[in-house]
Each structure stands twice: as structure tokens, then as C-alpha cells.
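This report concerns only the one structure given below.
The values are calculated or read from the model by the stated rules, or taken from the named source; none is laboratory data. If you're wondering where the values come from, they're calculated on a predicted model, not measured in any experiment. Here the Cβ positions follow ideal geometry from the backbone for every residue, glycine too, while neighbour counts run over all protein chains shown.
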Amino acid sequence: MASDSHHPTKLRSRDWFGKRDRWGLAHRAWLRAEGFSEHVFDGKPVIGICNSWSELNNCNAHLRQVAEAVKRGVWEAGGFPLEFNTISLGEMLMKPTTMLYRNLMAMEVEECIRAYPLDGVVLLCGCDKTTPAQLMGAASVDVPALMVPGGPMLSGMWHGRELAAGTDVRKMWEEVRAGRLGEEEWCEIESCVSRSAGHCTVMGTASTMAGLAEGLGMTLPGAADIPAADSRRLMIAEESGRRVVDMVKEDLRPSCIMTAAALENAVRLLMALGGSTNAIVHLVAIAGRLGVNLPLSLFDEVARTTPVIANVKPSGKFLMEEFSYAGGVAAVLKEISPLLHLDALTASGESLGENLKRAACFNREVIKPLNEPLFPQGGVVILKGNLAPQGAVIKQSATSPHLMKHRGRAVVFQNNQDLLARIDDPDLQVDENSVLVLKNAGPHGAPGMPEWGHLPIPAKLLKAGVKDMVRLSDARISGTSFGTIVVHISPESAVGGPLAIVQDGDEIELDVPARRLELLVSTAAIKTRLAQWKPPAPHYTRGYGKLFLDHILQAHEGCDFDFLRGADREDGQTPLERYPNPAL
Ligand code: FES
């Protein structure tokens with residue numbers, strides 16, 4: 001068996017496979033049951049391919065094929081690839097929300113990497129939460145890791161016009177509710193909107209998080225946005241397989257890449273992309289694993305000095321396929337490079353600045369120049385006020401200009417069921433100036449902080465031509481959403497945040513330019529109402545749900561579990577060294 005002398009650092013896998021004793025034989029022999037010859041144990045770095053493939057998750061349905069391409073690269077570079085699965089979080093089918101399970105997946109990723117004989121990992125992600133979950137897990141275990149996102153689906157196409165997943169379906173459903181679109185057309189749309197594997201076609205959460213993974217330096221340059229069905233997706237997967245073997249030799253770990261500077265680059269990129277509000281929660285959670293303080297105030301500061309230049313739905317006009325052909329995330333990074341920390345180290349082994357030398361923009365309609373942006377300020381901004389003492393979030397790039405400053409009377413829904421039961425009631429006391437308020441939709445209240453924040457416009461107002469209203473909640477929204485929607489109100493109503501005591505008819509003031517969200521009720525009345533408030537019954541009393549409720553942090557803290565913050569690095573000691581096998 002070869003020595004490990006050609007590796008500057010000891011391979012973790014040698015603790016399992018490099019010994020001549022009974023346990024060494026057992027570890028090798030049991031794996032040889034899969035048909036591997038003795039040569040795979042000759043000192044090759046063992047590369048785990050952490051796959052979130054699942055038939056329950058259409059966005060990630062092609063990742064077995066991507067994994068095969070990664071394996072080719074790993075073998076070619078002298079590594080030994082072993083693919084493993086974790087839970088997969090499919091945004092469409094998983095209920096009540098994938099956000100309830102992001103931390104569970106992050107735990108699984110972290111513990112699988114730690115417990116198995118892996119020297120490096122390639123992370124295969126796609127649908128919204130799979131990307132942050134893998135980054136969080138990889139950050140905490142801190143074994144060399146490289147991400148390969150699955151890429152977006154082909155653009156939706158119906159009657160010769162493009163259809164955006166999520167965004168256009170929402171718009172068309174409003175047309176159906178308003179009686180302007182018929183049953184037959186609605187059925188046709190079903191087969192035209194989601195045309196291949198891959199994640200949603202707009203700058204929603206999945207596209208945003210894949211982009212931020214590249215901005216953080218955790219992918220090879222250009223990996224974020226190649227369409228799932230494009231052969232170049234497999235080419236970059238193969239290249240990533242080759243690269244991760246070198247990362248092991250260089251001992252290039254997530255903590256060397258996802259530094260404070262890299263996280264600030266990611267926040268900057270989020271703004272320039274007009275990306276999803278969900279990315280704020282995820283970036284704060286990732287930073288928490290790395291011991292980096294990423295306060296909401298930093299997002300707002302960066303938003304004020306970063307224009308939106310990606311002309312992609314829901315903030316702009318194009319879809320991810322066109323965005324990728326225009327140069328994609330790499331071209332956006334290049335355009336905003338004067339605002340970035342270009343010396344940040346990336347998974348390529350080179351700095352971000354070096355990577356960007358090869359980036360170019362091929363369509364100025366899709367990726368705007370820095371001096372002619374789509375919006376002069378970042379898409380996502382942070383609000384504060386007596387209704388959101390720890391902050392709230394609004395995507396100003398998808399907001400109606402006439403509602404950026406607005407005062408209106410609250411129409412309150414106690415929870416999602418209440419909303420569904422009454423929103424289309426012809427007797428609902430609501431007009432276009434009302435502020436729709438949804439309570440009990442946060443991490444504890446919903447549970448899991450689902451994407452319920454896109455409250456529907458009441459049908460009677462839709463029919464009257466109202467297209468947008470101010471809407472508030474402690475929920476999240478899909479990255480595909482649009483409209484004047486305030487979300488992530490923190491603390492949430494279910495733990496006694498001020499949102500809990502808003503009543504029908506209360507006046508609320510939203511002032512996006514001033515970053516204010518105020519309940520125009522006297523401080524004394526707020527105090528009295530809060531003193532009388534009683535928390536709702538918990539959703540779970542056992543199992544994972546109870547663990548979630550006992551340990552979930554609020555939105556401004558990233559919704560991680562309190563006990564998962566920080567890392568548990570090995571400092572050279574694998575689980576086998578710490579907990580040796582029993583003696584013979
Ligand atoms: Fe998976 Fe939209 S449903 S990214």
C-alpha cells in the first residue's frame with residue numbers, strides 16, 4: 001500500500017483504509033463488496049459526492065448524471081469517488097415548508113462528512129434550501145469541499161411566449177381568479193412551465209443561492225448558472241471532480257474560502273442580482289457556522305451602494321437561460337468588481353480577481369453596466385421600526401413605486417387558515433389602501449417560516465384592477481415573488497413580537513426610502529396589548545418538530561438551531577482516532 005508522503009496533510013481516509021490490522025481489512029473488504037479492486041486503497045484521496053438527488057425533487061432530478069461526470073474527474077485526477085445521498089428538500093412537494101428541514105439537511109451533510117472516511121467532498125445541490133444546507137454543513141465540518149449547483153431548467157414556453165416558473169404562474173393565477181384566463185389555457189400552462197430538470201428559471205432563491213455559492217468562492221468560476229440540460233453542466237462537474245482532488249492536497253477548506261470578505265462579496269452580489277430575500281436568512285446562517293458576524297445592518301449598508309444590474313425576473317425581464325448565455329454570475333461579478341474584495345481565495349485555488357479576468361458579458365440588455373443599472377440601489381433592503389424591532393425585509397426592486405411610502409389601515413389575518421378562509425370574502429372590509437397583515441407565519445408560528453408572505457390580493461380588488469398592495473408578515477416569500485411585500489418581521493408574532501398585537505383598523509406606515517416600518521399606535525397601548533398577549537399552542541410536542549421549536553433562532557439570526565452555530569473541526573483527529581474501534 002502506498003505511503004501518504006505525497007500528501008502535505010494526512011488523509012482522513014487512511015485511518016480507515018491505511019491500516020494492516022483486522023479493522024483495516026474489514027473497512028477495505030466491506031467496501032470491496034461493491035466491486036472495487038485493491039488499487040482504490042493505494043493512498044488515493046477519497047472524495048465524497050454529496051448528492052441531493054431525489055425523484056421527489058424535480059429540481060435535483062438530474063444530479064445522478066452530474067455525479068457521474070464528477071466521478072470521471074475524480075478518477076482522472078487520482079482520487080477515489082464515493083457518492084452518497086442525503087435528504088433532499090423539494091420546494092414544491094415538501095410540506096409545510098422545506099425551511100422546516102434546512103437545518104436537518106445541514107446536520108445530515110455535516111455528520112455524513114464527519115463520520116465517513118472522506119478527504120474531500122463535492123456538494124451537488126439545486127432546489128432552494130439544498131444549497132444553503134450543504135454550505136452550512138460543509139462549513140461546520142470544514143473538510144475540503146467544492147459545490148456543483150444543478151443549474152436552472154429550460155425557460156418555460158407557452159403560445160410562443162416565455163413563462164417564468166413561479167413568477168408567471170402567480171401572475172396567471174391572478175388572471176384566472178379575475179376571470180381573464182380560461183380553464184383550457186390554465187391546463188396548457190401546466191405542461192409548458194417546467195420543461196426540464198433543474199431549478200426555477202428566475203432569480204429566485206435557488207438561482208440566487210447558486211450565484212452566491214460562486215460569489216463566495218465555493219464553486220469553480222462559471223458553475224452557478226449553466227442550464228441543467230446544457231452539456232457544459234456536465235463538463236464543469238467533471239472539472240470540479242478533478243479540482244477537488246487538488247483541493248485535498250492543498251488542504252483548501254471551506255473556512256479558508258468563506259471568510260468575512262467572501263461573505264461581504266456574497267452580500268454585494270445578492271444586491272447586484274436583485275436576488276431572493278431568502279438569501280439573507282441563509283447567508284446569516286452560513287456566517288454563523290463560520291463565526292462571522294453578518295448583521296442585517298450590513299445588508300442595508302451594502303444595498304445602498306450596490307445597483308441591481310441583472311435584468312432577470314422577478315425584478316427584471318429575462319430568464320436564467322438568457323442570463324447564463326449573457327455571461328451569468330461571473331459577468332455580474334466582473335461588472336461589480338470595483339466593489340468587491342478581489343483577493344478572496346476561491347475553490348479554484350486562485351483569487352476572485354484572478355478568476356474574473358476570464359469573465360465577460362455578451363448581452364448588455366441582460367447584464368447592465370454598472371453606470372446604467374436596472375435600479376440604482378440593491379434589490380433587498382432592511383426595515384426597522386416599532387413593528388420590527390429586530391428588522392424586516394422588503395425586495396424594493398420588485399415593489400410598486402407608488403407604494404414605497406404608504407400609510408394604510410391594517411386588515412389582520414390571525415394565521416394562514418384565517419387568510420385562506422376570508423381573503424376572497426366579498427364582505428371583507430378592505431380597499432386598495434389597506435395593509436394586509438398575516439400573523440403566526442414565522443419559524444415558531446407557522447411552523448418553519450414558510451413562503452406564505454405573498455398574501456393574495458382579495459378577489460374583489462383584483463377584479464377592480466388592483467395589482468399590488470402593501471402586505472406584511474413574519475413569513476418568507478419565494479424568490480419568484482413580486483409586489484410590495486414586507487417579510488421576515490422579527491421577532492415573529494408567535495413569540496410575542498409586536499406583530500402579535502396588531503389589530504384590524506390600526507394604522508401602519510411603510511417608508512422604504514427611510515427604511516421604516518411603524519405601527520401608528522401609542523407606546524402605552526402597545527405595552528398594554530403585549531401584556532395581555534398569550535402565545536399560541538406549540539405545533540409539535542415530539543420528534544424533529546419539537547427539536548425545531550426548542551432550538552430555532554429568529555429570522556434576523558438566520559433561523560439556524562442555537563446549538564449548530566459555529567464549527568466542530570477535527571484539528572487533525574478523525575472520529576476513528578477519537579473513538580477507536582474495539583480491540584481484537
Ligand atoms: Fe426547486 Fe423552484 S421548486 S427551485
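What number of residues in the range 327-366 are of a type in the set (Asp, Glu) and in contact with a strand residue (DSSP E or B) (Cβ under 7 Å, 6 or more places away or on another chain)?
Total satisfying the criteria: 2.
Is there a residue in the range 128-141 that is under 23 Å from Ala228 (Cβ atoms), within 16 Å of the ligand (Cβ to nearest atom) and surrounded by fewer than 16 Cβ atoms within 10 Å (Cβ to Cβ)?
Among the residues of the range 128-141, not one is under 23 Å from Ala228 (Cβ atoms), within 16 Å of the ligand (Cβ to nearest atom) and surrounded by fewer than 16 Cβ atoms within 10 Å (Cβ to Cβ), which makes the answer no.
For residues that are of a type in the set (S, T, N, Q) and either surrounded by 18 or more Cβ atoms within 10 Å (Cβ to Cβ) or in contact with a strand residue (DSSP E or B) (Cβ under 8 Å, 6 or more places away or on another chain) (or both), tally how many sit in the range 367-384.
Our first condition is that a residue be of a type in the set (S, T, N, Q); within the range 367-384, this holds for 371, 377.
Going one step further and asking which of them are either surrounded by 18 or more Cβ atoms within 10 Å (Cβ to Cβ) or in contact with a strand residue (DSSP E or B) (Cβ under 8 Å, 6 or more places away or on another chain) (or both), we end up with 377.
Of the residues in the range 367-384, 1 are of a type in the set (S, T, N, Q) and either surrounded by 18 or more Cβ atoms within 10 Å (Cβ to Cβ) or in contact with a strand residue (DSSP E or B) (Cβ under 8 Å, 6 or more places away or on another chain) (or both).
Return only the number of the condition from (1) over 17 Å from the mean Cα position of the chain (by Cα); (2) within 16 Å of the ligand (Cβ to nearest atom); (3) assigned to a helix (DSSP H, G or I) that Glu238 does not satisfy.
(2)
Looking only at the range 471-509, count every residue that is free of Cβ contacts under 8 Å to residues at least 40 places away in the same chain and in contact with a Gly (Cβ under 6 Å, 6 or more places away or on another chain) and tell me the total.
Result for the range 471-509: 2.
Of the conditions (1) away from the ligand (no atom under 16 Å from the Cβ); (2) touching a residue at least 60 places away in the same chain (Cβ under 8 Å); (3) assigned to a helix (DSSP H, G or I), Val176 satisfies every one except a single condition; which number is it?
That leaves (2) as the condition not met.
Confirm whether Asp474 is surrounded by 22 or more Cβ atoms within 10 Å (Cβ to Cβ) and among the charged types (D, E, K, R).
The answer is yes for Asp474.
Give the residue, chosen from Glu301, Glu264, Glu238, that is surrounded by fewer than 24 Cβ atoms within 10 Å (Cβ to Cβ), closer than 20 Å to Val122 by Cα and either of a type outside the set (A, V, I, L, M, F, W, C) or out of contact with any helix residue (DSSP H, G or I) (no Cβ under 9 Å at 6 or more places or on another chain) (or both).
Glu238
Select the strands (runs of 3 or more DSSP E) contained entirely in the range 484-584, then report the ones holding at least 1 residues which are modelled with pLDDT under 95.
Values: elements: 485-487, 507-511, 516-519.
So the answer is none; nothing clears 1.
Is at least one residue of the range 68-76 farther than 16 Å from Val245 by Cβ, within 16 Å of the ligand (Cβ to nearest atom) and modelled with pLDDT of 95 or more?
Checked against the condition, which is being farther than 16 Å from Val245 by Cβ, within 16 Å of the ligand (Cβ to nearest atom) and modelled with pLDDT of 95 or more, the range 68-76 yields no hits at all.
So, in the range 305-363, exactly how many residues are more than 24 Å from Ser481 (Cα to Cα) and of a type in the set (Phe, Trp, Tyr)?
Matching residues across the range 305-363 total 1.
Residue under question is Ala164, and the condition is that it be in contact (Cβ under 8 Å) with a residue 12 or more places away in the chain and within 16 Å of the ligand (Cβ to nearest atom); does it hold? Even if it seems obvious, please write down each step before you answer.
Details: in contact (Cβ under 8 Å) with a residue 12 or more places away in the chain: yes; within 16 Å of the ligand (Cβ to nearest atom): yes.
Considered against the rule, which asks whether it is in contact (Cβ under 8 Å) with a residue 12 or more places away in the chain and within 16 Å of the ligand (Cβ to nearest atom), Ala164 comes out as yes.
Could you tell me how many of the residues in the range 77-94 are surrounded by fewer than 22 Cβ atoms within 10 Å (Cβ to Cβ), away from the ligand (no atom under 16 Å from the Cβ) and in a loop (DSSP other than H, G, I, E, B)?
Result for the range 77-94: 2.
Quick check on my filter: what residues within the range 480-502 are closer than 11 Å to Leu387 by Cα and of a type outside the set (Val, Ile, Thr)?
Ser490, Pro491, Glu492, Ser493, Gly497, Pro498, Leu499, Ala500 - these are the residues of the range 480-502 that are closer than 11 Å to Leu387 by Cα and of a type outside the set (Val, Ile, Thr).
Look at Trp158 and say whether it is crowded, with 16+ Cβ neighbours inside 10 Å and hydrophobic (A, V, I, L, M, F, W, C).
Answer is yes for this residue.
Kindly indicate the residue of the range 48-67 that is of a type in the set (Gly, Ala, Ser) and within 16 Å of the ligand (Cβ to nearest atom) and also nearest to the chain's Cα centre (by Cα) among those meeting that condition.
By that ranking, first place goes to Ser52.
Filter the range 180-235 down to the residues that are over 24 Å from Glu83 (Cβ atoms), among the hydroxyl-bearing types (Ser, Thr, Tyr) and within 16 Å of the ligand (Cβ to nearest atom) and list them by number.
Correct list: Ser194, Thr201, Thr205, Ser207, Thr208.
Do we find a residue being modelled with pLDDT under 95 and outside any helix (DSSP H, G or I) anywhere in the range 48-64?
No; the residues of the range 48-64 include none that is modelled with pLDDT under 95 and outside any helix (DSSP H, G or I).
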